[in-house]
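Each value in this text was obtained by applying a stated rule to the coordinates, not by laboratory testing. The model shown is predicted, which means the values in this text are computed figures rather than measured ones. Every residue, glycine among them, receives a Cβ derived from its backbone with ideal geometry; neighbour counts consider all protein chains shown.
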Amino acid sequence: MISNLQKAITSKGRFLPQLDIPGAFPHSPTISLEETRLVEELLEKDAASHHIFYSDKGFHNHLTHMLLADYSLGASTRRLQEIYEHQEKIQRPKPPKHDDFKWTEHLGDDKYYADYLDFMIEEVEKLGRVGAVEKYVFEEKNNMLSRFLGGAYHPYIHTGYGLEFGIDGMVAEGLAQMCVHSDRSKPLCPNETKLSENPSSKTALELAKEMLEDKRLDGLIKYTDEVKFFAVVDKKAEVVLEYVENWSLSLDKEKLLEKASELMVLAAAVYGGPQRPNKEIVFDFFLMHALTSSIFLPTFVQHIDPELSVRFLQAKFAVDLGRTISQGRPKLHLEQFTSSKAEFTKSWREIFELAVNHRDEHLPKAIRALKQVERWDPKETLGKGVYRKMASMTVESIIAEDEEEKDGKRFWNSEGIGFDETWAKIPFRKSVEL
């Protein structure tokens with residue numbers, strides 16, 4: 001179906017989705033030529049009209065993310081059009097270009113986004129998607145890798161969609177977005193690859209669990225701290241890097257894919273594990289992004305040079321650990337998903353349908369990521385059916401919030417899911433018991 005679909009399209013534009021990229025999410029078999037052409041049209045329309053930030057506070061334009069996530073899950077043309085029309089209402093126009101633009105001189109300044117976009121479009125056309133990523137993400141002088149994973153992973157997420165769907169324009173947008181982000185995460189993203197002489201045989205999750213109990217981190221983050229993540233970056237980056245450097249990595253691509261899988265398992269664990277079994281469901285906003293960004297790891301590793309993949313996986317691990325510390329070092333109650341009392345048992349088909357038809361832009365991304373972890377973790381590290389249970393919990397809980405007319409205000413919590421103060425505000429469960 002996919003090869004015939006691609007052959008049927010005679011005009012391949014900069015924003016044409018492809019569905020046969022190695023490592024990518026297994027897209028819905030019901031995707032039609034009509035839906036593909038509509039997505040291409042809407043992606044081009046967004047790129048021509050909108051800023052990469054929908055507010056002057058740096059909130060990211062998620063229109064294309066939601067569009068592609070729902071498209072890959074089998075959304076109809078009517079639903080895709082609804083998504084665009086709903087998301088379009090909050091977007092800002094693309095800023096004007098400048099006569100004085102030089103790519104190294106305006107880093108971190110979102111007023112130059114249009115300039116960076118045109119620059120990166122030319123670079124992607126010249127170098128190809130992967131070549132442009134390798135050249136600019138791993139450019140050392142300007143701390144580009146830290147910018148790439150900055151802003152709660154968003155430049156990486158945007159570029160990830162471009163690689164997953166083979167969309168040149170989205171890779172260019174993601175790289176342009178990287179350029180207008182700060183390099184505040186650079187202590188977690190050193191330019192050099194440093195590995196332990198005696199690396200541990202422990203997985204990323206096992207190392208993370210050890211780190212969560214590390215006394216050196218006691219008292220570092222308080223619930224009342226406004227910007228928790230940068231306290232980790234500025235004060236304890238060396239502790240985080242100690243764990244990262246002890247993670248065993250090699251240049252063998254198949255082994256790197258196994259390490260990518262470990263990071264996906266870790267992301268799922270810190271997303272679903274912090275639930276307190278006696279409380280209503282609430283997910284951490286930043287750890288949710290650790291999860292939704294993990295979906296692209298296999299695609300990256302399969303395409304990027306192995307030496308660069310090692311550097312990237314280390315940086316992603318470091319930022320994931322930093323985010324987990326910053327959100328209160330939550331305890332992971334993973335046993336609740338394998339308990340005999342465990343509920344939330346919707347099928348993947350039901351989960352996909354609910355995600356596609358919900359207005360929350362992060363929901364389909366979280367669901368796709370959990371399904372992708374299941375695909376890349378055949379050993380079911382967290383237990384049989386756990387990823388589906390997490391996905392079922394996600395859709396059921398967000399729909400329950402809608403019924404209570406809370407409009408998702410509590411569902412994605414940014415206060416820090418590891419803090420007792422956060423959970424003190426969450427009511428006890430009434431009808432669902434894990």
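The figures follow:
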{"read-out": "Spatial separation of Cα centroids for the range 129-180 and the range 334-379, in angstrom", "value": "27 Å"}
{"read-out": "Residue order, fewest to most beta carbons within 10 Å, for Ser397, Ser294, Ser200", "value": "Ser200, Ser397, Ser294"}
{"read-out": "DSSP-assigned coil residues among trypsin sites (Lys or Arg not before Pro) in the range 183-220, each with at most 16 further Cβ atoms within 10 Å", "value": "Lys194, Lys202"}
{"read-out": "Potential extension, Glu206-Glu226 segment - 0.36 nm per residue separation minus Cα distance", "value": "4.3 nm"}
{"read-out": "Order of Ser201, Ser339, Ser347, Ser309 - criterion: other Cβ atoms within 10 Å of each residue's Cβ, fewest first", "value": "Ser201, Ser347, Ser339, Ser309"}
{"read-out": "The range 50-72-the range 187-230 distance, computed between alpha-carbon centres (Å)", "value": "30 Å"}
{"read-out": "Paramagnetic reach from Asn142 (point 7 Å along Cα→Cβ, amide N under 16 Å) across the range 187-227", "value": "none"}
{"read-out": "Span-rule helices in the chain, defined as complete DSSP H runs reaching 18 Å or more along the axis (Cα) with Kyte mean at least -1.0", "value": "33-49, 113-137, 253-272, 306-326, 363-376, 386-403"}
{"read-out": "Entries of Lys209/Lys279; Lys215/Lys236; Lys194/Lys259; Lys331/Lys371 with Cα pairs more than 19 Å apart", "value": "Lys209/Lys279; Lys331/Lys371"}
{"read-out": "Mean Cα-pair separation over length for the range 1-183, i.e. relative contact order, pairs under 8 Å, 6 or more apart, %", "value": "25 percent"}
{"read-out": "Contact order normalised by residue count of the range 204-424, Cα under 8 Å, 6+ apart, percent", "value": "28 percent"}
{"read-out": "Proxy reagent accessibility, fewest Cβ within 10 Å first, across Lys316, Lys45", "value": "Lys45, Lys316"}
{"read-out": "Segment Ser49-Glu335, extension gain: residue separation times 0.36 nm, minus the distance between their alpha carbons", "value": "98.2 nm"}
{"read-out": "Full-stretch length increase - Lys89, Glu41 - with 0.36 nm per residue and alpha-carbon distance subtracted", "value": "15.5 nm"}
{"read-out": "Correct option for volume of the Cα convex hull per residue in Å³ [calculated from the coordinates] among (i) 294; (ii) 195; (iii) 139", "value": "(iii)"}
{"read-out": "Relative contact order of the chain, pairs being alpha-carbon contacts under 8 Å that are 6 or more residues apart, as %", "value": "17 percent"}
{"read-out": "Selection of GluC sites (Glu not before Pro), the range 142-202, meeting DSSP coil and at most 15 other Cβ within 10 Å", "value": "Glu192, Glu197"}
{"read-out": "Partners for Lys89 among lysines (Cα-Cα distance below 25 Å; same-chain residues under 8 apart left out)", "value": "Lys45, Lys57, Lys97, Lys111, Lys365, Lys406, Lys409"}
